[in-house]
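Report on one structure; see the data block that follows.
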Amino acid sequence: MTDRAAQTILIDAPASKCLEIVLDFERYPEWAQDIKETTVRSRDAEGRASHVEYRASALGRSTHYTLEYNYSELPSRLSWHIVEGDIMRAIDGAYSFVEVDGGTQVFYELDIELVVPLPGFVKRRAEARILIEAVKELKARAES
């Protein structure tokens, strides 16, 4: 069973800058603390990364997974799903961007299913950390 969680944050930057940051997969290790390495495995006909492999810190260990990106709703939404992973059976997620007075409202959604079941309180703590840190790190990068 997948666990769904979401987080939102107001970023004092235009949506185009926020989107530019999340599309620059090779630079994630510069600003996303838990992402240790990214490798673009394939690109679509427009040169955009379609499959990106990640090495990240998760639950006290190193994990590898590959995400496939969906650009059909750009520039307002970027979504993805897992195609391969070692500790995750499913990862579906999206960033959505809405221009508002004062910047961009960013919504981050994530559905995760782990291979190994964890107690509910451990999963909730990990989800909160992932979501809160992801939007805080994106905000810091976009506003710098």
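Worth a mention:
- Tabulated pairs, the stretch 46-60, first without any contact (Cβ under 8 Å) to a residue 40 or more places away in the chain and of a type in the set (Gly, Ala, Ser), second part of a loop (DSSP other than H, G, I, E, B) and surrounded by 15 or more Cβ atoms within 10 Å (Cβ to Cβ), C-beta under 9 angstrom, 6+ apart or interchain: SER50/TYR71; ALA56/ALA32; ALA56/ASP34; SER57/ASP34
- Residue ID - surrounded by the fewest Cβ atoms within 10 Å (Cβ to Cβ), chosen from residues in the stretch 113-144 that are among the acidic types (Asp, Glu) and either assigned to a loop (DSSP other than H, G, I, E, B) or at pLDDT 90 or above (or both): GLU143
- Looking across the stretch 1-16 at every residue that is outside any strand (DSSP E or B) and out of contact with any Lys or Arg (no Cβ under 9 Å at 6 or more places or on another chain), the one that is surrounded by the fewest Cβ atoms within 10 Å (Cβ to Cβ) is identified as MET1.
- Among the residues listed as ARG4, ARG77, ARG41, the single one being among the basic types (Lys, Arg) and farther than 25 Å from VAL98 by Cβ: ARG41
- Residue match in the stretch 23-43 (condition: farther than 19 Å from ILE132 by Cβ, in contact (Cβ under 8 Å) with a residue 12 or more places away in the chain, touching a Ser or Thr at 6+ places or on another chain (Cβ under 6 Å) and surrounded by 15 or more Cβ atoms within 10 Å (Cβ to Cβ)): yes
- Selection status of LEU110, surrounded by fewer than 17 Cβ atoms within 10 Å (Cβ to Cβ), of a type outside the set (D, E, K, R) and closer than 19 Å to VAL135 by Cβ: no
- Against the numbered list (1) in a strand (DSSP E or B); (2) at pLDDT below 95, GLN33 comes up short only at (1).
- For LEU10, the stated conditions do not hold, so it cannot be described as free of Cβ contacts under 8 Å to residues at least 60 places away in the same chain and not small (Gly, Ala, Ser).
- So GLU73, is it closer than 22 Å to LYS136 by Cα and either free of Cβ contacts under 8 Å to residues at least 24 places away in the same chain or in contact with a Pro (Cβ under 7 Å, 6 or more places away or on another chain) (or both): no
- Annotation: of all residues in the stretch 44-63 being acidic (Asp, Glu) and in a loop (DSSP other than H, G, I, E, B), the one that is surrounded by the fewest Cβ atoms within 10 Å (Cβ to Cβ) is GLU46.
The values are calculated or read from the model by the stated rules, or taken from the named source; none is laboratory data. Being a predicted model, the structure only gives us computed values, none of them experimental. Virtual Cβ from ideal backbone geometry, glycine too; neighbours counted across all protein chains shown.
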